[in-house]
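So the structure is just underneath, and the comments pick up after that.
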């Protein structure tokens, strides 16, 4: 079953966004850390009548395949994507490009990766960390997750970000998280799930396809375990 644990709320008409769009040409890099960030950034460009061609002299970096795809759907190819789809790896990839003295714009969630900006600033870059949306927790109205867990009807929970872990915990407070098998898209998500005491599994790559493969392996392992118990 698919149960959204979070929702994203754009910061529309924020003065900081307008200011950043007015000086797009001043940035050496614009860094996207999520598909949502790409969508909202380009929606703001359209809303403010900003010509996409003004990005022609700006390098664009993305955190992973999903974010790169979101750019490609807008006819734009990313200049940089790390091999490991995590904030720290993205920072390291940017640092290798030589960013000392360069201006970098990061339009992202209000609560983003805490290591990205300090690493870039430590390498001498001037970073504008621009929150363009926030993540809020949402409670499922149609399914009682606590009851589903109590009845043993959920084998595994799939998390696509650290914030989805927090969102899940916010609506399931009181369950025994040590019994929750958490399929995590990346290391940061895994660390957050581990803080709640969950049984953590992490995808080989931070992609939805890899996460699906991980979930299938967890299900197969569970079937084998049940067979052994019945023997």
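The values are calculated or read from the model by the stated rules, or taken from the named source; none is laboratory data. Since we're looking at a predicted model, the values are computed, not measured. Don't worry about glycine lacking a Cβ; one is built from the backbone with ideal geometry, like all the others, and counts go over all protein chains shown.
Below, the figures for the structure above:
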read-out	value
Leading residue by the ranking (farthest from residue 60 (Cα to Cα)) among those in region 1-33 that are within 15 Å of the chain's Cα centre (by Cα) and at pLDDT 90 or above	33
Odd one out for residue 197, checked against (1) surrounded by 19 or more Cβ atoms within 10 Å (Cβ to Cβ); (2) part of a loop (DSSP other than H, G, I, E, B); (3) modelled with pLDDT of 85 or more	(1)
Residue satisfying all of: in region 112-126; touching a helix residue (DSSP H, G or I) at 6+ places or on another chain (Cβ under 8 Å) and assigned to a helix (DSSP H, G or I); farthest from residue 100 (Cα to Cα) among these	116
Sole residue being surrounded by fewer than 14 Cβ atoms within 10 Å (Cβ to Cβ) and either at pLDDT 90 or above or assigned to a helix (DSSP H, G or I) (or both), chosen from 221, 166	221
Candidate set: region 25-49, residues that are in a helix (DSSP H, G or I) and touching a helix residue (DSSP H, G or I) at 6+ places or on another chain (Cβ under 7 Å); chosen: the one nearest to residue 101 (Cα to Cα)	25
Single unsatisfied condition, residue 87 versus (1) closer than 12 Å to residue 33 by Cα; (2) free of Cβ contacts under 8 Å to residues at least 60 places away in the same chain; (3) in contact with a helix residue (DSSP H, G or I) (Cβ under 9 Å, 6 or more places away or on another chain); (4) surrounded by 14 or more Cβ atoms within 10 Å (Cβ to Cβ)	(2)
Where residue 45 falls short, out of the listed (1) under 21 Å from residue 208 (Cβ atoms); (2) buried (at least 18 other Cβ atoms within 10 Å of the Cβ); (3) out of contact with any strand residue (DSSP E or B) (no Cβ under 7 Å at 6 or more places or on another chain); (4) free of Cβ contacts under 8 Å to residues at least 60 places away in the same chain	(1)
Single match in 64, 57 (criterion: within 27 Å of residue 89 (Cβ to Cβ) and modelled with pLDDT under 90)	64
Region 75-97: number of residues that are at pLDDT 90 or above, within 26 Å of residue 52 (Cβ to Cβ) and assigned to a loop (DSSP other than H, G, I, E, B)	8
Filter result (free of Cβ contacts under 8 Å to residues at least 40 places away in the same chain, farther than 13 Å from residue 31 by Cβ and surrounded by 16 or more Cβ atoms within 10 Å (Cβ to Cβ)) within region 56-73	70
Flag for residue 105 being modelled with pLDDT of 90 or more, farther than 11 Å from residue 29 by Cβ and part of a strand (DSSP E or B)	no
Subset of region 102-127 [touching a strand residue (DSSP E or B) at 6+ places or on another chain (Cβ under 7 Å), more than 15 Å from residue 34 (Cα to Cα) and either outside the structural domain of residue 88 (by TED's automatic domain parsing) or buried (at least 18 other Cβ atoms within 10 Å of the Cβ) (or both)]	102, 104, 117, 120, 125, 127
